[in-house]
1. Of the numbered conditions (1) at pLDDT 95 or above; (2) over 22 Å from Lys170 (Cβ atoms); (3) charged (D, E, K, R); (4) open to solvent by 60 Å² or more (accessible area, probe 1.4 Å), Asp83 fails exactly one; give the number of that condition.
2. Being touching a helix residue (DSSP H, G or I) at 6+ places or on another chain (Cβ under 8 Å) and crowded, with 19+ Cβ neighbours inside 10 Å is the filter; apply it to the stretch 45-58 and report the residue that is farthest from Thr105 (Cα to Cα).
3. So, in the stretch 114-131, how many residues would count as being crowded, with 19+ Cβ neighbours inside 10 Å and without any contact (Cβ under 8 Å) to a residue 40 or more places away in the chain?
4. On the given criteria, is Val157 more than 14 Å from the chain's Cα centre (by Cα), among the hydrophobic types (A, V, I, L, M, F, W, C) and either on the phi > 0 side of the Ramachandran plot or surrounded by 14 or more Cβ atoms within 10 Å (Cβ to Cβ) (or both)?
5. Please specify each residue of the stretch 128-158 satisfying the condition of being farther than 11 Å from Ser90 by Cβ, part of a helix (DSSP H, G or I) and out of contact with any strand residue (DSSP E or B) (no Cβ under 7 Å at 6 or more places or on another chain).
6. From the list Ala111, Ala103, exactly one residue is of a type outside the set (Ser, Thr, Tyr), open to solvent by less than 50 Å² (accessible area, probe 1.4 Å) and more than 16 Å from the chain's Cα centre (by Cα). Which is it?
7. Pairs under 8 Å by beta carbon, first residue within 17 Å of Leu133 (Cβ to Cβ) in the stretch 150-164, partner assigned to a loop (DSSP other than H, G, I, E, B) and open to solvent by less than 30 Å² (accessible area, probe 1.4 Å), six or more apart or different chains?
Amino acid sequence: MNKKTFILLAIMTLGIISQVHSQILEENKVDDSTHTKIQRTSWETLNMTLRFNSYFRISRINEQTYLDLKMMIGSAFSIKEQDEIIFKLSNGEFIKLLNLKDAKTCIGCGARGFNGSIAPGIEVSYILEKEQLEKLKNNTAVKITVYTNRGYVEEKVKEKNGKKISMALKLIE
């Protein structure tokens, strides 16, 4: 391998490492009694505005993948089973995911650490089907819409945060 090729590969490797750097597999195990394989990424920021703070992680249990969401909108609210979260992707497509079960806010439930620990928040999970997973993995989320009992919350997603979803999905492959 010549010197130029080696330097190019080193630069590309560093670029990939720096993108994945912030995300880790916090859980990667097989349950001893049930033989269930569990993988979970770290919680990452999805959106931070004055009226909508949210974090996500990707979970895989056996072969099923989930997008877990923590969020706060400044007041108490609930999300029903089958309520949608919609991602608009950079290619113009929309991905609709369905919530797994009814949930209502509790103090600190939407927080990740101290920030928001005394505010009402929620933690919910949405099923990611294989086709949806591939689209989210290969395209950047640019907008998010979350349906609640108070209507819906819609916000743009910063490019760096949208790319985190793709990186997290690649991390659990």
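The values are calculated or read from the model by the stated rules, or taken from the named source; none is laboratory data. Predicted model only: the values in this text are computed from it and were never measured. We place every Cβ from the backbone using ideal geometry, glycine too, and count neighbours over all the protein chains shown. Accessible surface areas use protein heavy atoms only, side chains included; no ligands, DNA or RNA. Shrake-Rupley method; radii C 1.70, N 1.55, O 1.52, S 1.80 Å.
1. Among (1) at pLDDT 95 or above; (2) over 22 Å from Lys170 (Cβ atoms); (3) charged (D, E, K, R); (4) open to solvent by 60 Å² or more (accessible area, probe 1.4 Å), the lone unmet condition for Asp83 is (4).
2. Going through the qualifying residues, I end up with Ile58.
3. The number of residues fulfilling the criteria is 0.
4. So Val157 does not fit the description; no.
5. Lys130, Glu131, Glu134, Lys137
6. Ala103
7. Gly162/Thr140; Lys163/Thr140; Lys164/Gln23
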